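The values are calculated or read from the model by the stated rules, or taken from the named source; none is laboratory data. Just so we're clear, the structure is a prediction, and the values are computed from it rather than from any experiment. Because the Cβ atoms are built from the backbone with ideal geometry, glycine has one as well, and the counts that use them run over all protein chains shown.
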Amino acid sequence: MQHAISISELSKVYDSGFTALHGIDLEIHNGEILALLGPNGAGKTTLISIICGLVNPTTGTVTVRGHDIIEDFRAARQLIGLVPQELHTETFETVWDTVSYSRGLFGKKPDPQLVEQILRDLSLWDKKGNKILELSGGMKRRVMIAKALAHEPQILFLDEPTAGVDVELRKDMWQLVRRLREAGVTIILTTHYIEEAEEIADRVGVINKGRLVVVDEKSELMRKLGKKQLTLELNEAMPTLPETLGRYDIELDGGGRQLVYRYDTQAERTGIASLLADLNRAGVTVKDLNTRQSSLEDIFVSLVEEAR
């Protein structure tokens, strides 16, 4: 099956000697939403820039729907829409003109109805006659998204699309992203808002120091790497943990009134039953208990720390 994007042994070494990417291998499926997570400087933007033809790779290959990004650049690039981190717009153009012009850059015939629909979807219709310089930062971000969609790309890159924008735009954007996915568009996004990736992504990839640490179905990643935390509210505060509890991954919290126990959800036994029995033998009485599943942010932090 042909993938939306196929990346093989991709690396990038800059003239300074800095290696931004180390042998990246990645298949991006047609019609999925893939979230790329990683700290600043991890290589996310470099990877996107190479796929979009803005930066040349040092080694490796990238194909977009079977088109090599170097040997068949025009065909590959025409399939891609890009919303970069930085705002780049002609400040003296109107919203309508800049979006329409972006469509023409890809050799597409004028389609006023499509442009109107895009502007309405992004709550820009009432700004269509405004010059870019008259818009707020959030509105300029909407224009960047409209420009990326103007030529009807089959693959859309969103590089930190909600950085510094208001909650309303963030909500509008994710509604639009879902509609695009339903229409068959493949979407790759980077974000610092991990809760967004947890809500919207089908798969999650984590990049750190130019290496792809993991890429997996979001639900599978949560299943394999997620841990649960059991918090036990005690009737009386404990100054220290009894020696009999030393074999458990447990710690005192809440001024000695809480015991926090972490356990692997995939383990054959959680150890909760034996923990409660040992607490009883030690004369520790429990008033209440509750559990919490690891979030995607917890998993992301642990993966980045492990890769250091």
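Computed values, structure above
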read-out: Considering residues of the stretch 269-296 that are in a loop (DSSP other than H, G, I, E, B) and under 40 Å from the mean Cα position of the chain (by Cα) only, the residue modelled with the lowest pLDDT; value: Ser294
read-out: In the stretch 29-77, residue nearest to Lys209 (Cα to Cα) [restricted to those that are touching a His at 6+ places or on another chain (Cβ under 7 Å) and part of a helix (DSSP H, G or I)]; value: Ala76
read-out: Strands (runs of 3 or more DSSP E) wholly inside the stretch 166-255 that include at least 1 residues being modelled with pLDDT of 85 or more, of a type in the set (Ser, Thr, Tyr) and touching a strand residue (DSSP E or B) at 6+ places or on another chain (Cβ under 9 Å); value: 186-190
read-out: Condition check for Ala35: modelled with pLDDT under 95 and either buried (at least 21 other Cβ atoms within 10 Å of the Cβ) or among the acidic types (Asp, Glu) (or both); value: yes
read-out: Any hit, the stretch 131-146, residues being in contact with an Asp or Glu (Cβ under 8 Å, 6 or more places away or on another chain), more than 25 Å from Ile48 (Cβ to Cβ) and assigned by TED's automatic domain parsing to the domain that holds Ile48; value: yes
read-out: Test: residue in the stretch 115-129 that is buried (at least 20 other Cβ atoms within 10 Å of the Cβ) and within 30 Å of Pro57 (Cα to Cα); value: no
read-out: Residues that are within 20 Å of Leu158 (Cα to Cα), over 26 Å from the mean Cα position of the chain (by Cα) and either of a type outside the set (Phe, Trp, Tyr) or not in a loop (DSSP other than H, G, I, E, B) (or both), drawn from the stretch 103-131; value: Arg103, Leu105, Val115, Gln117
read-out: Residue in the stretch 90-101 that is assigned to a strand (DSSP E or B) and either loosely packed, with under 14 Cβ neighbours inside 10 Å or not polar (S, T, N, Q) (or both) present; value: no
read-out: Number of the exception - Pro161 against (1) touching a residue at least 12 places away in the same chain (Cβ under 8 Å); (2) more than 26 Å from the chain's Cα centre (by Cα); value: (2)
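Let's see how each residue does on (1) among the hydrophobic types (A, V, I, L, M, F, W, C); (2) in contact with a Pro (Cβ under 9 Å, 6 or more places away or on another chain); (3) within 19 Å of Arg77 (Cβ to Cβ):
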residue: Ile118; (1), (2), (3): yes, no, no
residue: Leu122; (1), (2), (3): yes, no, no
residue: Arg142; (1), (2), (3): no, no, no
residue: Glu152; (1), (2), (3): no, no, yes
residue: Val167; (1), (2), (3): yes, no, no
residue: Val185; (1), (2), (3): yes, yes, yes
